[in-house]
Amino acid sequence: MSGKLYLCATPIGNLEDITLRVLRVLKEADLIAAEDTRNSIKLLNHFDIKTPMTSYHEYNKIEKGRILVEKMLAGQTIALITDAGTPGISDPGEELVAMCYDAGVEVTSLPGPAACITALTLSGLPTRRFAFEAFLPADKKERKTTLQELVNETRTIILYEAPHRLVKTLEELREVLGNRRMTLCRELTKKHETAFRTTLDDLIAYYQVEKPLGECVLVIEGKSREELQKKAQEAWAEISIEEHMRIYEEKGTPHKEAMKLVAKDRGVTKRDVYQYLLDLKN
């Protein structure tokens, strides 16, 4: 190995989840860049890995990133690990990857555990399409914008949250999204792993008497397309079919095509629109 960055996924709780390939790369690398060396040394000691380690985290990602890139350009191989899971997902690893590509350094990602995917597959909610938001922004304005963007999200939504902020976040989600089906996953892959399939209302009520514990992954159902369509149809019902037709025809849409579009918008047949306009003339 030479002059390369390896993104090495580490266990999110159960040490047995580490892959043989990750163990080999961690042992053979010239240097391990870790989000928290105090946490990662436990992993390295457990597997008897003696590779030198340096810190790479949110607060030194630019300055240290440049140093790491210089080392790789000089021929060193660096293994990047996060506190738990796959580097680059909701952590500064994404910055280092971008810097490597800009500098022409080769990057390889070694598959392994990721809390968001583990929770999604455990949730019992649709898995084909999903939106991963990680932690909601701390900034109030940005947080509000992000929540509003999720209102009409049809994909399954995945969020991370710390236990001391969990209830507040659940209440914000309930206020903006309404009551949704969801699964709360906590202590993933550990002895006390829990997948609590419930609703936002019931979960808020549960935590009025129980203390939130452990890092949490919230998997929330998206809004159904039927619900979105119904909402759109209800909005069009606030104006008459005649006004609705005028909106399209003023844009240059031919009369027959406008009738088809109006019918589709309102969830009725083209014949219904035709009959309405006919009755209006009479």
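The values are calculated or read from the model by the stated rules, or taken from the named source; none is laboratory data. Source: prediction; values computed, not measured. Please note: Cβ atoms are built from the backbone with ideal geometry, for glycine as well, and neighbour counts cover all protein chains shown. Surface accessibility is based on the protein's heavy atoms, side chains included, excluding ligands, DNA and RNA. Shrake-Rupley method; radii C 1.70, N 1.55, O 1.52, S 1.80 Å.
Beyond 19 Å in Cα-Cα separation lie the following of the pairs LYS27/LYS64; LYS140/LYS223; LYS42/LYS211; LYS4/LYS64; LYS230/LYS264: LYS27/LYS64; LYS140/LYS223; LYS42/LYS211.
Using 0.36 nm per residue and subtracting the Cα-Cα separation, the extra length available between LEU228 and LYS27 on full extension is 67.1 nm. The share of C-alpha pairs in the chain whose separation exceeds 36 Å stands at 38 percent.
Reducing region 226-282 and region 26-93 to their Cα centroids gives an inter-centroid distance of 60 Å. Checking the Cα-Cα distances for LYS141/LYS190; LYS231/LYS260; LYS144/LYS260; LYS144/LYS251 against a 29 Å cut-off, the pairs over it are LYS141/LYS190; LYS144/LYS260; LYS144/LYS251. Here the contact order of region 114-161, divided by its residue count and restricted to Cα pairs under 8 Å and six or more residues apart, works out to 50 percent. Each of ASP83 and GLU193 was given a label point 7 Å from its Cα along the Cα-to-Cβ line. The distance between the two points is 2.1 nm. Given the Cα atoms of region 77-174, and with Rh set as the inverse mean 1/r over their pairs in the Kirkwood sense, what is Rg to Rh to two decimals? Taking Rh as the inverse mean 1/r over Cα pairs, Rg/Rh reads 1.01. Is the shape of region 169-224 rounded, prolate or oblate, going by the alpha carbon gyration tensor and its root eigenvalues a ≥ b ≥ c, with a/c under 1.5 for rounded and a/b larger than b/c for prolate? Oblate, since a/c reaches 1.5 and b/c is not below a/b.
Restricting the count to DSSP beta bridges whose residues both fall in region 1-113, what percent are antiparallel, rounded to a multiple of 5?
5 percent
Per residue, the average separation of C-alpha pairs within less than 8 Å and at least 6 apart gives the chain a relative contact order of 17 percent. A 1.4 Å probe run over the chain, with the rest of the protein chains in place, finds 57 Å² accessible per residue. Computed over protein heavy atoms with a 1.4 Å probe, the carbon and sulfur contribution to the accessible area of the chain reaches 49%. Computed from label points 7 Å out along Cα-Cβ, the spacing between THR269 and GLU149 is 4.3 nm.
Assuming charge only on the beta carbon of Lys and Arg (+1) and of Asp and Glu (-1), the dipole of region 33-130 about its Cα centre is about 240 debye to the nearest 20.
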